[in-house]
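Heads up, the thing below is written out as structure tokens.
The values are calculated or read from the model by the stated rules, or taken from the named source; none is laboratory data. Nothing here was measured: the structure is a model prediction, and the numbers come from that model. Ideal geometry is used to build each Cβ from the backbone, glycine not excepted, and the neighbour counts take in all protein chains shown.
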Amino acid sequence: MMTRTATLHAATTLVERVEAVLEGLSRFPAAILQFLLRLSIASVFWHSGMTKIASWDTTIVLFRDEYMVPILPPELAAGLAATVELTCPVLLILGLATRLATLPMLGMTFVIEVFVYPEQWIEHLMWASILVFILTRGPGAFSVDHLLAGKFLRGRNR
């Protein structure tokens with residue numbers, strides 16, 4: 001049977017081990033997280049865009065009868081949505097004009113949440129959170145933006 005001192009020592013040792021593991025996790029490279037977030041949100045929009053162009057007639061019907069985006073005619077709304085969904089994800093994955101690419105996607109997320117599927121707010125909050133993280137923190141080291149910034153900033157310091 002363990003004495004009280006031995007029990008406290010074992011508990012302290014366990015807490016120290018957990019703290020060491022958590023400290024190690026806190027050193028997880030931000031660049032990997034930034035890339036994974038870019039990849040994950042890009043895939044959501046890319047798949048939606050591919051679905052739209054797979055059957056354009058069905059897409060127009062959806063925009064006319066279900067989505068009913070205000071002000072814009074269904075053909076224009078569908079074209080804009082498909083354009084954003086097929087260009088911005090490519091920019092995000094490459095990490096090219098990354099922060100700029102998040103803006104139309106945030107706009108689309110807002111329109112979808114407010115006018116189309118407000119009951120899906122949890123999913124849209126997740127999309128918006130990822131996009132705002134990328135917008136405010138940038139694409140990270142695994143990006144064309146990072147390479148270009150390094151090249152141009154090195155050139156200015158000479």
| task | May I ask you to list the residues in the range 51-72 that are assigned to a helix (DSSP H, G or I) and not aliphatic (A, V, I, L, M)? | result | Thr51, Lys52, Trp56, Asp57, Thr58, Thr59, Phe63, Arg64, Asp65, Glu66, Tyr67
| message | Need pairs with beta-carbon distance below 6 Å; first residue over 15 Å from Ile93 (Cβ atoms) and within the range 127-138, second of a type in the set (Lys, Arg) and part of a helix (DSSP H, G or I); sequence gap 6+ or separate chains. | response | Leu135/Arg99
| task | Could you please tell me which pairs satisfy a Cβ distance under 6 Å, a separation of 6+ or placement on different chains, a first residue in the range 142-158 that is modelled with pLDDT under 75 and in a helix (DSSP H, G or I), and a second residue that is surrounded by fewer than 10 Cβ atoms within 10 Å (Cβ to Cβ) and of a type in the set (A, V, I, L, M, F, W, C)? | result | none
| Which of the residues that make up the range 50-97 are in contact with a helix residue (DSSP H, G or I) (Cβ under 7 Å, 6 or more places away or on another chain) and either among the aromatic types (Phe, Trp, Tyr) or farther than 30 Å from Thr136 by Cβ (or both)? | Ile53, Thr59, Ile60, Phe63, Arg64, Tyr67, Pro74, Glu75, Ala78
| said: Can you go through Leu106, Leu96 and tell me which one is of a type in the set (A, V, I, L, M) and part of a helix (DSSP H, G or I)? | reply: Leu106
| said: One residue is enough: does the range 122-140 have a residue meeting the conditions among the polar types (S, T, N, Q) and closer than 28 Å to Pro29 by Cβ? | reply: yes
| message | Given the options Ser40, Ser48, name the one that is within 18 Å of Phe133 (Cα to Cα), assigned to a helix (DSSP H, G or I), modelled with pLDDT of 95 or more and not aliphatic (A, V, I, L, M). | response | Ser40
